[in-house]
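Novice: Please read through the structure below; I'll follow up with questions.
Computed from the coordinates by the stated procedures, all read-outs in this text should not be read as laboratory data. Keep in mind that what you see is a predicted model, and the values were worked out from it rather than measured. Note that we place each Cβ from the backbone using ideal geometry, even for glycine, and neighbour counts take in every protein chain shown.
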Ligand SMILES: [Fe+2]
Ligand SMILES: [Fe+2]
């Protein structure tokens, strides 16, 4: 599987969001590596959980930031986050029920979802925040 890498294309100019996206990309890359190396199911499960937890943290962070800044598209953005989280949780359930090959499907889906979401929805939010002069937010 081609490994998912962080690149300047993903940089949105909001340091906290950029660094969180970088961590998300790393979480996905670790899961890919684990898949390629055929590591144990319990290791995969652990990485799965880290990914779910970090995704939840990141989405909550972005949503709070957007809300505080009065971002007009926040409802739509939140909906996208919610749908993704439900999809990842359903992949996780399938994995826990013994469908171990689901990781391949999850990875394909995540790489495409995350790239798309960062480049469209998050970029839109970042542009809004920059216009409000919110460009240097501390990580909560
Ligand atoms: Fe994001
Ligand atoms: Fe987002």
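Novice: Order by neighbour count: 60, 133, 122, 18, fewest other Cβ atoms within 10 Å first, most last.
Specialist: 133, 60, 18, 122
Novice: Follow-up. For segment 1-54 and segment 66-140, what is the separation of their Cα centres, given in Å?
Specialist: 13
Novice: Here is a follow-up. Going by C-beta contacts inside 10 Å, put 79, 129 in order with the fewest on the left.
Specialist: Details: 79 10, 129 22.
Fewest-to-most Cβ neighbours within 10 Å comes out as 79, 129.
Novice: For segment 15-131, what does the relative contact order come out to in percent, with C-alpha contacts under 8 Å and a separation of six or more?
Specialist: 29
Novice: In addition: Under the rule of -39500 (n - 2.57) per DSSP H run of 4 or more residues, summed and divided by the residues of the chain, what mean residue ellipticity at 222 nm is obtained, to the nearest 500 deg cm²/dmol? Walk me through the numbers before you get to the answer.
Specialist: Numbers: 5 runs with 99 residues, N = 140.
That comes out to -24500 deg cm²/dmol.
Novice: Hey, in the GNM for the chain with a 10 angstrom Cα cutoff, which one of 26, 105, 127 fluctuates hardest?
Specialist: Among 26, 105, 127, the largest GNM mean-square fluctuation belongs to 105.
Novice: Would you mind checking the tilt of helix 41-69 against the longest principal axis of the Cα atoms of the chain, expressed as 0 to 90 degrees and rounded to 10?
Specialist: With rounding to tens, the tilt is 10 degrees.
Novice: Going by how many other beta carbons lie within 10 Å of each one, how would you line up 97, 62, 11, 76, fewest first?
Specialist: So the ranking, lowest neighbour count to highest, is 97, 76, 11, 62.
Novice: By how many nm would the segment from residue 52 to residue 38 lengthen if fully extended, with 0.36 nm per residue of separation less the alpha-carbon distance?
Specialist: Between residue 52 and residue 38, full extension yields 3.0 nm more.
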